[in-house]
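Structure first, then comments.
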Amino acid sequence: NGGPKLVAKRSRFSMGPTSNVTSGHYFDLSADIEIGHGTVIGGRGSSFWTHGFLHFADGSIRVRNTGAIAIGNGVYIGGYCALNPGTRVFDNINIGSHSSVAGSLEKPGLYVSERLRYIPLGDYETFKKENRLDEQDKLGNPSLIRERD
């Protein structure tokens with residue numbers, strides 16, 4: 001963890017037998033992370049955050065949020081997932097790639113963050129009429145100009 005200035009107690013990382021972590025994942029140890037047996041942290045790029053911040057009053061108040069992460073037995077976590085402070089994942093749960101998890105997942109099954117949906121674009125001429133494009137893009141492709149709020 002960040003040392004005694006940030007976190008007073010020493011945190012602990014534990015992983016059960018037959019569990020596997022593939023390469024390229026990040027484990028923040030501001031609090032404990034416990035992984036059961038037979039669990040796989042698959043793919044790459046997942047992050048396990050045991051601390052974060054909550055902002056209030058236009059950012060003038062910043063509250064540190066620290067909590068241990070507990071992963072059960074027989075869990076599969078796909079690539080590029082984010083587990084947030086205090087997350088608890090019970091046994092025999094599968095988490096699809098690119099999912100963000102906060103709180104507890106208790107019921108065995110598959111969890112994903114967002115349902116895949118269809119967004120019609122129409123043909124190119126219709127798309128050009130309905131959107132602003134920069135047709136002088138440096139790469140030779142038109143680029144979509146997005147309005148900022």
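The values are calculated or read from the model by the stated rules, or taken from the named source; none is laboratory data. These figures come from a predicted structure and were not determined experimentally. As a convention, Cβ positions derive from the backbone with ideal geometry for all residues, glycine included, and neighbour counts pool all protein chains shown. The protein model used for the area step is the full one, side chains on, heavy atoms only, and it has no ligands, DNA or RNA in it. Shrake-Rupley method; radii C 1.70, N 1.55, O 1.52, S 1.80 Å.
General remarks:
- Exposure here means at most 15 other Cβ atoms within 10 Å; with GluC sites (Glu not before Pro) in a DSSP loop as sites, the longest stretch of the chain lacking them is 1-105.
- Cα-based Kirkwood hydrodynamic radius, the range 79-149, one decimal, Å: 16.0
- Given +1 at the Cβ of Lys and Arg, -1 at the Cβ of Asp and Glu and no other charges, the dipole of the range 60-149 around its Cα centre is 400 debye to the nearest 20.
- Relative contact order (percent, whole number), the range 82-137, Cα cutoff 8 Å, 6+ residue spacing: 28
- Measuring nothing but how far apart in sequence close Cα pairs (under 8 Å, 6+ apart) lie, relative to its length, the range 15-76 scores a relative contact order of 38 percent.
- Each Cα pair under 8 Å and six or more residues apart adds its separation to the average, and for the range 18-119 the resulting relative contact order is 22 percent.
- For Y76, nonlocal amide neighbours, meaning residues 5 or more places apart or on other chains whose placed amide H falls under 5 Å from its own, are V40, I93, N94, I95.
- Expressed to the nearest 5 percent, the antiparallel share of DSSP beta bridges inside the chain is 25 percent.
- For L116, L29, the ranking by accessible surface with the largest value first comes to L116, L29, using a 1.4 Å probe.
- Remark: accessible surface ordering of R117, R10, R146 (largest first) is R10, R146, R117, probe radius 1.4 Å.
- Computed over protein heavy atoms with a 1.4 angstrom probe, the accessible surface ordering of K9, K107, K128, largest first, is K107, K9, K128.
- Only one item in (i) -0.53, -0.79, -0.93, -1.23; (ii) -0.33, -0.68, -1.05, -1.68; (iii) -0.44, -0.82, -1.06, -1.28 matches log10 I(q)/I(0) by the Debye sum over Cα atoms at q = 0.10, 0.14, 0.17, 0.21 Å⁻¹ derived from the coordinates shown, and that item is (i).
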